[in-house]
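Visitor: Here it is, the structure in full.
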Amino acid sequence: MDDQQRRALEREHRPEAIRRRLREPAGGQSLPDAILGGIDGCVTTFAVVSGAFGAGFSATVALVLGFANLLADGFSMAISNYEAIQAQREHLEGVRRDEHRHIEAVPEGEREEIRQIFRGKGFEGEVLERVVATICSDRELWVETMLREEHGLQTSGLSPLRSGLVTFLAFLVVGAMPLLPYAVPGLATGVQFLASLAVAGLMFFLIGMGKSLVYHRPVLASGLRTLLMGGAAAGLAFLTGHLAQVLFGVGP
C-alpha cells in the first residue's frame, strides 16, 4: 500500500467519516442486481443472434427473435428476482416475530443466547455482562442482534421492487447492445454477426470488470472470466443452430 492509499484510508477512518458512513442507508442489492441482469441480458440476446446465424436465418429474423427474447426473458428474470427478495423479506419478518415471542416467553434463555454469542467473540467476565445488559435493555436491538448473529440474516436493504426494476432495466439496456448491428441497414449478415460478437464481447468484459467492484476480485481476471462464460454460452447457441440446420433442415 503506497502513501497516497494509506492517507485516503486514514481519512475514511476518521471518527466523523465513520459516523457519516454508518448513518447512510445500506446500499442493498442494486449493484449485484444490475450486474447479474446485464450478464443474463447479454447472454440471452447474443445466444439468440448466434443461434440464428448458425442456422442461416436472415438479419430480420435474428432481430425479431432477439428483441422478443429480450423483453420476455427480461420480464421473467425481473419477476423471479422480485419474488426471491420478497421471500427473503417474508422469512425475515417471520423470524423477527418468532424472536419477539421467544423473548416474551423465555427472556432468560434468550439472554443466555446473547451471552454465548458474545462469549464466542471473546468477551468475558464483567465486560461480557455489560454487553449483554446493554443489548437486552432494548427489545428492538435485542431482536436485530439475534437476527444477524444467530440466524445470519440480512436485516436491511431488501427491496423487491427495486431489485426487480434494476434487473429488468439492466437486462434491457445491456441485452440490446448485441442487437444494434442488426438494426443497421445495408450491412452484410456476416459483418453484422461479427460486429454483434465484438459488442457482446466488450459488454461481457466490462460487466466482468464491474463485478470486481462488488465481489472484490481482480479486475482483469474478472473481466476475462465473464467474457469466457458469455462466449461459451454463445458458442453453444451457435452450435445448436448449426446442428438444427444440418440435421433437421431448420433455416431459411
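Visitor: Can you give me the number of residues within region 115-142 that are over 34 Å from the mean Cα position of the chain (by Cα), surrounded by 17 or more Cβ atoms within 10 Å (Cβ to Cβ) and among the β-branched types (Val, Ile, Thr)?
Guide: 2
Visitor: Please work out if ASP98 is acidic (Asp, Glu), surrounded by 12 or more Cβ atoms within 10 Å (Cβ to Cβ) and closer than 27 Å to THR45 by Cβ.
Guide: Against the criterion (acidic (Asp, Glu), surrounded by 12 or more Cβ atoms within 10 Å (Cβ to Cβ) and closer than 27 Å to THR45 by Cβ), ASP98 does not qualify.
Visitor: Determine the pairs where a residue that is touching a residue at least 24 places away in the same chain (Cβ under 8 Å), located within region 43-63, has a partner that is among the charged types (D, E, K, R) with Cβ atoms under 8 Å apart, the partner being 6 or more residues away or on another chain.
Guide: Listed pairs, sorted by first residue: THR44/ASP73.
Visitor: Does region 181-193 hold any residues that are among the aliphatic types (A, V, I, L, M) and at pLDDT 90 or above, and which are they?
Guide: VAL191
Visitor: If I filter region 20-33 for residues that are assigned to a helix (DSSP H, G or I), surrounded by 12 or more Cβ atoms within 10 Å (Cβ to Cβ) and in contact with a Phe, Trp or Tyr (Cβ under 9 Å, 6 or more places away or on another chain), do I get at least one hit? Give the derivation first.
Guide: The initial filter retains those residues of region 20-33 that are assigned to a helix (DSSP H, G or I), namely 20-23, 30-33.
Next, only the ones that are surrounded by 12 or more Cβ atoms within 10 Å (Cβ to Cβ) stay: 30-33.
When the remaining residues are screened for being in contact with a Phe, Trp or Tyr (Cβ under 9 Å, 6 or more places away or on another chain), the result is 32.
Looking for residues that are assigned to a helix (DSSP H, G or I), surrounded by 12 or more Cβ atoms within 10 Å (Cβ to Cβ) and in contact with a Phe, Trp or Tyr (Cβ under 9 Å, 6 or more places away or on another chain), one finds at least one in region 20-33, hence yes.
Visitor: Shifting gears a bit: Can you tell me how many residues within region 64-111 are among the charged types (D, E, K, R) and either in contact with a Phe, Trp or Tyr (Cβ under 6 Å, 6 or more places away or on another chain) or free of Cβ contacts under 8 Å to residues at least 12 places away in the same chain (or both)?
Guide: Adding up the residues that qualify gives 7.
Visitor: Next up: Restrict the check to region 65-88 and report whether at least one residue is surrounded by 13 or more Cβ atoms within 10 Å (Cβ to Cβ), in contact with a Pro (Cβ under 9 Å, 6 or more places away or on another chain), under 19 Å from PRO181 (Cβ atoms) and of a type in the set (A, V, I, L, M, F, W, C).
Guide: no
Visitor: Determine whether region 79-89 contains at least one residue that is assigned to a helix (DSSP H, G or I) and more than 16 Å from ASP33 (Cβ to Cβ).
Guide: No, the conditions are met nowhere in region 79-89.
Visitor: Here are the criteria: (1) surrounded by fewer than 16 Cβ atoms within 10 Å (Cβ to Cβ); (2) touching a Phe, Trp or Tyr at 6+ places or on another chain (Cβ under 6 Å). Tell me which single one ALA59 does not satisfy.
Guide: (1)
Visitor: If ALA133 satisfies all but one of (1) part of a helix (DSSP H, G or I); (2) within 27 Å of ASN81 (Cβ to Cβ); (3) among the small types (Gly, Ala, Ser), what's the number of the condition it fails?
Guide: Only one criterion is unmet by ALA133, namely (2).
The values are calculated or read from the model by the stated rules, or taken from the named source; none is laboratory data. Predicted model, so just to flag it, every value in this text is computed and none were measured. Note that each Cβ is placed from the backbone with ideal geometry, even for glycine, and that neighbours are counted across all protein chains shown.
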